[in-house]
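The values are calculated or read from the model by the stated rules, or taken from the named source; none is laboratory data. Keep in mind the model is a prediction, meaning the values are calculated, not measured. We place every Cβ from the backbone using ideal geometry, glycine too, and count neighbours over all the protein chains shown.
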Amino acid sequence: MTATTPPLVIVSGMSGSGKSMALHTLEDLGYYCVDNLPAEMLPAFIRHVLSAPVPPEKIAVGIDARSPGDLADVPQVLSQIGALGLDPKVLFLEAADDILVRRYADTRRRHPLSHLGLALADAISLERQALKPLRQIADNLLDTSDLNVHQMRRRVLTEFGLSGAGLSLLFESFAYRRGVPVDADFVFDARVLPNPHWDPRLRPLSGRDPEVREHLQAQPEVATYVAQVEGFLDAWLPKLRSETRSYATVAFGCTGGRHRSVYLAERLAQHFRNHDWPEVAVYHRELD
């Protein structure tokens, strides 16, 4: 793949397994995302976007059992994509049948194959059979049976959403009352900073909101904290590049995980984006 050829992720899997969440997460990572594209249209679609005046840097396409045509032809379609110079990767999400039935019962959504007049269990069985060609060629299989939506999103961010071009960074915010993320490489405690929670105007907001950002940026101790953390990470994160790892997680914690930690995760992520780090993602455990 050349430097100008974007990575391509094909997202597929069982309905109810988290495909929409995976596509939304990839979109947050800067992917140009299209869902439910007929498989046979994929080569034409890729040629179209690559010919744009400013082609997307990364592409993700959702293909599932709703796609017209025979999914058994997908391997040949991906070979055509390879001839265009891309190296498509297939992410396949799945879950156990009983989990899928429970999720549909909880959300009261209709299965996409229910229009065939099938019972839910039969629709799931038919879909699983139809998707076998895609599952068999998947580069990454993600079983979401035991994952909630927050855990699914984090798995996509850390394992599937990052391109592997150098060391990728995940900045995470969390609440100490719910525990420290067990896989964080660096953890910073923001509870020493002024808490916007005590301002009635700011309490319902989060560190993503301009009012909270402006409030924290006006505090001298916050500026000092940010400068010192930036200096530390600027010095030590590059050292991890020499190791055989694809990403590093930097976590910020505060009492509720809504204000200070969120602000810091966003602020440090932007700092590294501004310094042309290859991949930077943000995950707010208490918000996302």
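Let me confirm something: among Gln129, Gln76, Gln80, which residue is at pLDDT 90 or above and loosely packed, with under 13 Cβ neighbours inside 10 Å?
Values: Gln76 fails: at pLDDT 90 or above; Gln80 fails: loosely packed, with under 13 Cβ neighbours inside 10 Å.
Every option except Gln129 fails the conditions.
The residues in the stretch 108-147 that are part of a loop (DSSP other than H, G, I, E, B), closer than 19 Å to Leu71 by Cβ and not hydrophobic (A, V, I, L, M, F, W, C) can be counted, and the count is 3. Being farther than 15 Å from Glu94 by Cβ and assigned to a helix (DSSP H, G or I) is a property that does not hold for Leu37.
Could you tell me whether any residue of the stretch 62-71 is under 30 Å from Phe171 (Cα atoms) and either surrounded by 21 or more Cβ atoms within 10 Å (Cβ to Cβ) or not assigned by TED's automatic domain parsing to the domain that holds Leu147 (or both)?
Let us first name the residues in the stretch 62-71 that are under 30 Å from Phe171 (Cα atoms), namely 62-63.
Okay, now just the ones that are also either surrounded by 21 or more Cβ atoms within 10 Å (Cβ to Cβ) or not assigned by TED's automatic domain parsing to the domain that holds Leu147 (or both), so 62-63.
Yes, the stretch 62-71 has at least one match.
Scanning the stretch 64-106 for residues that are among the aliphatic types (A, V, I, L, M) and under 17 Å from Leu147 (Cβ atoms) gives Leu91, Leu93, Ala95, Ala96, Ile99, Leu100, Val101.
Just one of Glu214, Glu221 is among the charged types (D, E, K, R), in contact (Cβ under 8 Å) with a residue 24 or more places away in the chain, in a helix (DSSP H, G or I) and more than 27 Å from Leu26 (Cβ to Cβ); which is it? Even if it seems obvious, please write down each step before you answer.
Details: Glu214 fails: in contact (Cβ under 8 Å) with a residue 24 or more places away in the chain.
Just one listed residue meets the conditions, Glu221.
For His150, the conditions (1) within 14 Å of the chain's Cα centre (by Cα); (2) outside any helix (DSSP H, G or I); (3) not polar (S, T, N, Q) are fulfilled apart from (2). Of all residue pairs spaced 6 or more apart or on separate chains, those with beta-carbon atoms under 9 Å, a first member in the stretch 32-43 that is within 16 Å of Pro7 (Cα to Cα) and assigned by TED's automatic domain parsing to the domain that holds Asp70 and a second member that is assigned to a helix (DSSP H, G or I) and polar (S, T, N, Q) are Leu42/Gln80; Pro43/Gln80. Within the stretch 156-208, the residues that satisfy the criterion of being at pLDDT below 95, in a loop (DSSP other than H, G, I, E, B) and small (Gly, Ala, Ser) are Gly161, Ser163, Gly164, Ala165, Gly166, Gly179, Ala184.
So, Gly62, is that one modelled with pLDDT under 90 and not polar (S, T, N, Q) or not?
Numbers: modelled with pLDDT under 90: no; not polar (S, T, N, Q): yes.
In short, no.
Among residues of the stretch 8-34 being assigned to a loop (DSSP other than H, G, I, E, B) and in contact with a Pro (Cβ under 8 Å, 6 or more places away or on another chain), the one that is modelled with the lowest pLDDT is Tyr31.
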